[in-house]
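Here the structure is laid out as structure tokens; the discussion comes afterwards.
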Amino acid sequence: MSQLDMDFMKNEMAMYTLKKCMEEAVPLLLYFAAEPCTVCHAMLPKLQKALLEMEDGKEGRDYHLIVIESEKHPEICGQLLVFTVPTLLIFWEGREVLRESRFMDLNQITRILSQIIESRSSGPGFLEE
């Protein structure tokens, strides 16, 4: 098998794994970044800090955060229609519930994620728009 075939299989497995994670009841945050992107490098620590502050005092994390290098996974970017970085997508139960790009509103991100987590613990229902 050639290196190109191996890379294709890795990307296919990555997309399959992501699709499975997107369907779970646990919110999935996908942060798309690129190595030369200065905004990406500035926003990720701010996002991580906001998420840590949101979960402060709670046991365990009620979400998954995955950082995807857009240059290494162009197929994933294409399938999820990510054309700029940084981009954050939040998936919950198979649905995209938030898409933020470039300079992100961290308050909105944590508010929506908190609503998802609260609705998971309180039963059926969805976000207030």
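Order of Asp105, Asp56, Asp62 from fewest to most other C-beta atoms within 10 Å?
Working: Asp105 11, Asp56 7, Asp62 18.
Result, fewest neighbours first: Asp56, Asp105, Asp62.
Taking the Cβ-Cβ separation of Lys72 and Glu23 as r and a Förster radius of 30 Å, what is the calculated FRET efficiency to the nearest 0.05?
Details: r = 24 Å, r/R0 = 0.79.
So the FRET efficiency works out to roughly 0.80.
Let me know the volume per residue of the alpha-carbon convex hull for the stretch 29-97, in Å³.
On the way: hull volume 6.3 nm³, N = 69.
So the per-residue hull volume is 92 Å³.
We did not get these values from a lab; they are worked out from the coordinates using the rules stated. Just so it is clear, the structure is predicted and the values come from calculations on it, not from any experiment. Please note: Cβ atoms are built from the backbone with ideal geometry, for glycine as well, and neighbour counts cover all protein chains shown.
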